[in-house]
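Peer 1: Would you mind keeping the following structure in view while I ask a few things?
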2 protein chains.
Amino acid sequence: MSQMQNVERQLREMILGLEIGPGEKLTERWIEGRFGASRTPVRAALLRLETEGLVGRDGRGWTVSPINLAELEQIAVYREAVEVAAVRLTCLHAERSAIDVIEAMLDSCDDNTPREEWHRVGMDFHIELARLSGNEFLFRAVRDAMTRLSRARWLEVRDEAALGRAWAEHRAILAAARLGDADEAARLLSAHIVGSRDRLVTSLANDRRGLRARGFAVVAA
Amino acid sequence: MSQMQNVERQLREMILGLEIGPGEKLTERWIEGRFGASRTPVRAALLRLETEGLVGRDGRGWTVSPINLAELEQIAVYREAVEVAAVRLTCLHAERSAIDVIEAMLDSCDDNTPREEWHRVGMDFHIELARLSGNEFLFRAVRDAMTRLSRARWLEVRDEAALGRAWAEHRAILAAARLGDADEAARLLSAHIVGSRDRLVTSLANDRRGLRARGFAVVAA
DNA sequence: GATACCATTTTGGGATACCAAACTGGTATC
DNA sequence: GATACCAGTTTGGTATCCCAAAATGGTATC
């Protein structure tokens, strides 16, 4: 593993894991020291994370991208477009076994599963479903969108009921896909994404004060 | 203008303008000498062009991405998803004047207009239409997709009739958008993209031998 | 106490030096 | 003639150095 990939991966994990808060300043020299690499791989990593939207330039200097509620809403619209297109393709040439693999992912979560794992599986559901479309561009679009949403979803306060509802919606989507019913799968997925967005934005807007108190920059819609 | 942006812009122009052929090898040192910059900005430029899909890593070393017919077909599906979503949004809050600006772009091309300009306007039509959606992510998706398609479209052999047909389709889409008829605009745009893709892939597949003779790597579907 | 100003430090952008791995071309061997 | 092998060269990855611009902090002035 090259240093560049190493720095990139570790820095991404720190940002997504909120070990570095949204809105925090980053200096290339701090990263250099933190990961024991020189500035060349550090700069390469920052350039890539910039295209992922996780860090941004703040005049001179780098900043961990703040949570931006307006952006979250726009991403949801984007997701809806690409995920619905992907699931429609999947329905056309649905591999029964491939869908079963995704269902098994959902099954792997139970009462003993740590919160972090639910979070990851919830994202992977959408990513893996998009992968089944066989279209590399739709897949990457979904994966990148989920990456951008990741921190916000992590901050969302979700009760057991909401989590259970999401899982039920996931299962309903898979059921429609298994039958090859593209219209139904599209309708369910679309509703799921819109619902998720509403809960997410509402939750963050309500908690905004508390989040800022924790040092997390949250930009209003 | 920083060196990095300079190198990036010039190198992108050379690749898109086919001054460096698809499939050609690139060395950081050649670029360094060609643009009179050191390796630091060269490296940054390559990293960004990599995310745009214009260059790729070939083991050790860099290669200008070949024209990939399978990829072109996948991009068309992706475009269809995002452009249709964008135009639907545009229809919801269509600014009459903004649509007129796009129509004026189309009008600016006549018999005396150089082929290169038709090419550029044909792409900008789609990009600007997506911008009107107001959704940054849909806009960027369309812009990036058009960038990836650019070289292939430039290589396409297009007769006057095909060009005229494309312009007529563009105008029809704008007319529907002006009326706020989202379903009609979506239907027309979708058909336009599918038609474009078919003509493009057919043309390149037919010319494949000749293109390879010119030193352009063209990967079959 | 607020503010304008200047010296110092910090920082990102760029240039260069170094290295190990990969590639190249030629040669010896069969 | 084909092939295995080796020295020399090229090249991407990394570290380090330099610089100008921007941030910082202290100080003098009002």
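Peer 1: If A:THR63 meets every condition in (1) of a type in the set (Val, Ile, Thr); (2) within 12 Å of DNA strand D (Cβ to nearest atom); (3) open to solvent by 40 Å² or more (accessible area, probe 1.4 Å) apart from one, which number is that one?
Peer 2: (3)
Peer 1: Out of (1) open to solvent by 50 Å² or more (accessible area, probe 1.4 Å); (2) within 12 Å of DNA strand C (Cβ to nearest atom), what's the single condition that is false for B:GLU80?
Peer 2: Checking B:GLU80 against (1) open to solvent by 50 Å² or more (accessible area, probe 1.4 Å); (2) within 12 Å of DNA strand C (Cβ to nearest atom), the one that fails is (2).
Peer 1: Now for a separate question. Could you say which residue among B:THR51, B:THR63, B:THR113 is in contact with a Gly (Cβ under 6 Å, 6 or more places away or on another chain), among the β-branched types (Val, Ile, Thr) and closer than 25 Å to B:GLU156 by Cα? Lay out the reasoning, then the answer.
Peer 2: Details: B:THR51 fails: in contact with a Gly (Cβ under 6 Å, 6 or more places away or on another chain); B:THR113 fails: in contact with a Gly (Cβ under 6 Å, 6 or more places away or on another chain).
Result: B:THR63 is the single residue among B:THR51, B:THR63, B:THR113 that is in contact with a Gly (Cβ under 6 Å, 6 or more places away or on another chain), among the β-branched types (Val, Ile, Thr) and closer than 25 Å to B:GLU156 by Cα.
Peer 1: Please tell me if B:THR51 is touching a helix residue (DSSP H, G or I) at 6+ places or on another chain (Cβ under 7 Å) and within 16 Å of DNA strand D (Cβ to nearest atom). Step through it out loud before you land on a result.
Peer 2: Values: touching a helix residue (DSSP H, G or I) at 6+ places or on another chain (Cβ under 7 Å): yes; within 16 Å of DNA strand D (Cβ to nearest atom): yes.
Criteria met by B:THR51.
Peer 1: Select from the range A:36-51 the residues that are open to solvent by 30 Å² or more (accessible area, probe 1.4 Å) and of a type outside the set (Lys, Arg) and write down the one among them that is farthest from DNA strand C (Cβ to nearest atom).
Peer 2: Of the residues in the range A:36-51, the ones open to solvent by 30 Å² or more (accessible area, probe 1.4 Å) are A:36, A:38-40, A:43, A:48, A:50-51.
Still in the list and also of a type outside the set (Lys, Arg): A:36, A:38, A:40, A:50-51.
Working: A:GLY36: 16, A:SER38: 9, A:THR40: 6, A:GLU50: 10, A:THR51: 15 Å.
Ranking the candidates gives A:GLY36 first.
Peer 1: I'm trying to understand the selection: among the residues of the range B:40-61, which are farther than 25 Å from B:ALA141 by Cβ and either touching a His at 6+ places or on another chain (Cβ under 8 Å) or not in a helix (DSSP H, G or I) (or both)? Even if it seems obvious, please write down each step before you answer.
Peer 2: First, pick out the residues of the range B:40-61 that are farther than 25 Å from B:ALA141 by Cβ: B:40-43, B:58-61.
B:ASP58, B:GLY59, B:ARG60, B:GLY61, listed by residue number.
Peer 1: Exactly one condition in (1) touching a residue at least 12 places away in the same chain (Cβ under 8 Å); (2) more than 9 Å from every other protein chain (Cβ to nearest Cβ) is not met by A:GLY56; state its number.
Peer 2: (1)
Peer 1: If you don't mind, another one. Please state which one of B:ARG34, B:ARG12, B:ARG39, B:ARG29 is among the charged types (D, E, K, R) and under 24 Å from B:ARG120 (Cα atoms).
Peer 2: Numbers: B:ARG34 fails: under 24 Å from B:ARG120 (Cα atoms); B:ARG39 fails: under 24 Å from B:ARG120 (Cα atoms); B:ARG29 fails: under 24 Å from B:ARG120 (Cα atoms).
After ruling out the rest, the residue left standing is B:ARG12.
Peer 1: Under 7 Å by Cβ, and 6 or more places apart or on different chains, what pairs join a residue from the range A:207-221 that is within 8 Å of A:LEU155 (Cβ to Cβ) with one that is surrounded by 12 or more Cβ atoms within 10 Å (Cβ to Cβ) and not hydrophobic (A, V, I, L, M, F, W, C)?
Peer 2: A:PHE216/A:GLY21; A:PHE216/A:PRO22; A:PHE216/A:GLY23
Peer 1: Follow-up. Please pick out the residue among B:ARG197, B:ARG151 that is touching a strand residue (DSSP E or B) at 6+ places or on another chain (Cβ under 9 Å) and crowded, with 17+ Cβ neighbours inside 10 Å.
Peer 2: Unique residue meeting the criteria: B:ARG151.
Peer 1: Considering A:ALA162, A:ALA186, A:ALA145, A:ALA166, which residue is open to solvent by less than 40 Å² (accessible area, probe 1.4 Å) and either of a type in the set (Phe, Trp, Tyr) or at pLDDT below 95 (or both)?
Peer 2: Numbers: A:ALA186 fails: either of a type in the set (Phe, Trp, Tyr) or at pLDDT below 95 (or both); A:ALA145 fails: either of a type in the set (Phe, Trp, Tyr) or at pLDDT below 95 (or both); A:ALA166 fails: either of a type in the set (Phe, Trp, Tyr) or at pLDDT below 95 (or both).
On inspection, the qualifying residue turns out to be A:ALA162.
Peer 1: Moving on. Which of (1) surrounded by fewer than 20 Cβ atoms within 10 Å (Cβ to Cβ); (2) within 16 Å of DNA strand C (Cβ to nearest atom) is the odd one out, the single condition B:ALA70 does not satisfy?
Peer 2: Of everything listed in (1) surrounded by fewer than 20 Cβ atoms within 10 Å (Cβ to Cβ); (2) within 16 Å of DNA strand C (Cβ to nearest atom), B:ALA70 misses just condition (2).
Peer 1: So, one more: Which one of these does B:ALA191 not meet: (1) touching a residue at least 24 places away in the same chain (Cβ under 8 Å); (2) open to solvent by 10 Å² or more (accessible area, probe 1.4 Å); (3) within 29 Å of A:GLU73 (Cα to Cα)?
Peer 2: All conditions pass for B:ALA191, except number (1).
Peer 1: Does A:ASP58 count as away from DNA strand D (no atom under 16 Å from the Cβ) and among the charged types (D, E, K, R)? Lay out the reasoning, then the answer.
Peer 2: Values: away from DNA strand D (no atom under 16 Å from the Cβ): no; among the charged types (D, E, K, R): yes.
Against the criterion (away from DNA strand D (no atom under 16 Å from the Cβ) and among the charged types (D, E, K, R)), A:ASP58 does not qualify.
Peer 1: Does any residue in the range B:18-46 that is within 14 Å of another protein chain (Cβ to nearest Cβ) and within 23 Å of A:ARG39 (Cα to Cα) come within less than 9 Å, Cβ to Cβ, of a residue that is open to solvent by 60 Å² or more (accessible area, probe 1.4 Å) and more than 10 Å from DNA strand C (Cβ to nearest atom) six or more places away or on a different chain, and which pairs are these?
Peer 2: Partner pairs satisfying both residue conditions: B:ALA45/B:ARG9; B:ALA45/B:GLN10.
Peer 1: Does the range A:1-35 hold any residues that are within 15 Å of DNA strand C (Cβ to nearest atom), assigned to a helix (DSSP H, G or I) and open to solvent by 40 Å² or more (accessible area, probe 1.4 Å), and which are they?
Peer 2: Once the filter is applied, which keeps residues that are within 15 Å of DNA strand C (Cβ to nearest atom), assigned to a helix (DSSP H, G or I) and open to solvent by 40 Å² or more (accessible area, probe 1.4 Å), the range A:1-35 yields A:GLN3, A:ARG29, A:TRP30, A:GLU32, A:GLY33, A:ARG34.
Peer 1: With respect to B:ARG131, determine if the residue is outside the structural domain of B:GLU19 (by TED's automatic domain parsing) and at pLDDT 95 or above. Full working, then the answer.
Peer 2: Values: outside the structural domain of B:GLU19 (by TED's automatic domain parsing): yes; at pLDDT 95 or above: yes.
Answer is yes for this residue.
Peer 1: When you scan the range B:79-186 for helices (runs of 4 or more DSSP H) that lie fully inside it, which ones turn up with 1 or more residues that are away from chain A (no Cβ under 14 Å) and touching a Lys or Arg at 6+ places or on another chain (Cβ under 8 Å)?
Peer 2: Numbers: elements: B:96-107, B:115-131, B:136-155, B:160-179.
Those helices (runs of 4 or more DSSP H) span B:96-107, B:115-131, B:160-179.
The values are calculated or read from the model by the stated rules, or taken from the named source; none is laboratory data. What you see is a predicted model, and the numbers here were worked out from it, not measured in a lab. Neighbour counts run over all protein chains shown; Cβ positions are idealised from the backbone, glycine included. Calculation scope for accessible area: heavy atoms of the full protein, side chains included, ligands and nucleic acids excluded. Shrake-Rupley method; radii C 1.70, N 1.55, O 1.52, S 1.80 Å.
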